[in-house]
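The structure appears below as C-alpha cells.
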Amino acid sequence: MSLRDLLLKVAKVTYYPFKYRQGNGYDAEAYWRDRFARHGMSFRGVGHEGTEEVRNRLEYERSPREFQDALHKSGIDFAGKRVLEIGVGNGYYLDFCFPGSAYYCAVDITDLLFPELAKRYPEVHFVKADVCKLGLREKFDIILMIDVLEHIVTENDLRSALSNLKSCLADGGTIIIGPIHEKTKKHLFYVHFWSVDKVAAQFRGYAIEMYRPFRKGTLIVVRSPHERR
Ligand SMILES: C[S@@+](CC[C@H](N)C(=O)[O-])C[C@H]1O[C@@H](n2cnc3c(N)ncnc32)[C@H](O)[C@@H]1O
C-alpha cells in the first residue's frame, strides 16, 4: 500500500468525519465534490477510495453482467424511455442505459464531473441536485439509482429520497435501486447500509422484484402501482 493510500485510509476515520459531519449526517455535496476533485473520472472516485484503481475497475467490470442479467429477467428496456439517473458519478452506467433512450436526465449532488461528462454525452441533460430535496416536475419511465442509497445516512433522508423518486415516476414506470444490503447498519460517517425490508417499507402498494447478486447486495426493481395511461 502506498503512503498516499495509507493516509487516505486514516483520514477516512479521523479527519474526514470531523471535516464533513453535519448534524446526524454529513455534507454530501462538499464530500463528493472534494472526492471527485482528488480522483476525477477514475474508479477510485466512485468506488473504494482506499483501493487501487485496477482493483476498483475489476470490481466495476463485474456489475454490468449482473445489471444486464437483472434487466433481461425483469424485461426492462431503455429504448424510447424517459430516464432519470440519480448519482451519475463518472457516468459508468450511461454506456448501458443512455443509448436509444428518448430523454436522459442525470442528477448528481456535485456538478464537478459534468463538464467532462457533457463532452462525452452531449445529449444527456445534467442536473445538480440532492435526491433528498429533489424538486423535478417531470415524470420518468425508468428511474435508476445505483450505489447512492448507502450514501444517504439518516432515516429522514432515506424517506425523503424514496418519496421524491416516487413523485417523479410516470404511471407504468419502474425504479431500479441497488445494491441493497442484508441488514441496516451504520458503516462510516458517509456510508449507511439499508436492508431490503427498510427500503420496501417505503414502497407499500408497489410490486417489488429482487435480483441477486448485484455489487455484493441485491438490486430491486419497483413497479408503479398505476397502469400506463
Ligand atoms: C458511489 S458513487 C456511485 C456513482 C454511480 N452511480 C456508479 O454506480 O458508478 C455515489 C454518487 O452519488 C452521488 N450522490 C451522493 N449523495 C447524493 C445525493 N444525496 N443526491 C444526489 N447524488 C448523490 C455522488 O456525488 C456520487 O456521484
At 10 °C and 1.306 mPa s, what whole-number value in µm²/s does Stokes-Einstein give for the translational diffusion of the range 103-149, with Rh from the Kirkwood sum over Cα pairs? 136 µm²/s
Going through the range 108-203, which trypsin sites (Lys or Arg not before Pro) have at most 13 other Cβ atoms within 10 Å and a DSSP loop state? ARG137, LYS183
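Can you tell me the length gained on complete extension of the stretch ILE208 to GLU182, counting 0.36 nm per residue apart and subtracting the Cα distance?
Full-extension gain reported as 7.8 nm.
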Which of ALA161, GLY217, GLY173 sits closest to the plus end of the dipole of the range 62-223, meaning its Cα is farthest towards the positive end, when Lys and Arg get +1 and Asp and Glu get -1 on the C-beta? GLY217
List MET41, MET145 from most exposed to least, where exposure is judged by having the fewest other Cβ atoms within 10 Å. MET41, MET145
Take the chain, connect every pair of alpha-carbon atoms lying under 10 Å apart with a spring to form a Gaussian network, then pick out the residue of TYR26, TYR104, TYR121 with the largest mean-square fluctuation. TYR121
Could you run the Debye sum over the Cα atoms of the chain, one equal point scatterer each and no solvent, and tell me log10 of I(q)/I(0) at q = 0.07, 0.08, 0.15, 0.17 Å⁻¹, two decimals? -0.21, -0.28, -1.05, -1.39
Zone of ASN156 (label point 7 Å along Cα→Cβ, backbone N under 19 Å): which residues in the range 1-25? 20-25
Could you please state, rounded to a whole Å, how far the C-alpha centre of the range 32-46 is from the C-alpha centre of the range 182-229? 26 Å
Among VAL83, PRO64, THR51, whose Cα projects farthest towards the positive end of the dipole of the chain, with charges put on the beta-carbon of Lys, Arg (+1) and Asp, Glu (-1)? THR51
Report relative contact order for the range 62-223 in percent, whole number only (criteria: Cα-Cα under 8 Å, sequence separation at least 6). 20 percent
Charge dipole magnitude, Cβ of K and R +1, D and E -1 - the range 128-229, Cα centre, debye nearest 20: 60 debye
Only Lys, Arg, Asp and Glu count, each charged at its Cβ (+1, +1, -1, -1), so figure out the dipole size of the range 62-223 about its Cα centre, rounded to 20 debye. 340 debye
ARG33 versus ARG120, label points 7 Å from Cα toward the beta carbon: distance in nm? 2.2 nm
Which of the listed residues, VAL148, PRO17, MET41, is farthest toward the dipole's positive end in the chain, when Lys, Arg count +1 and Asp, Glu count -1 at the beta-carbon? PRO17
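Here, each number is a calculation from the coordinates, and none is a lab measurement. Please read these numbers as outputs of a predicted model, since none were measured by experiment. Heads up, the Cβs are rebuilt from the backbone with ideal geometry, glycines too, and the neighbour counts pull from every protein chain shown.
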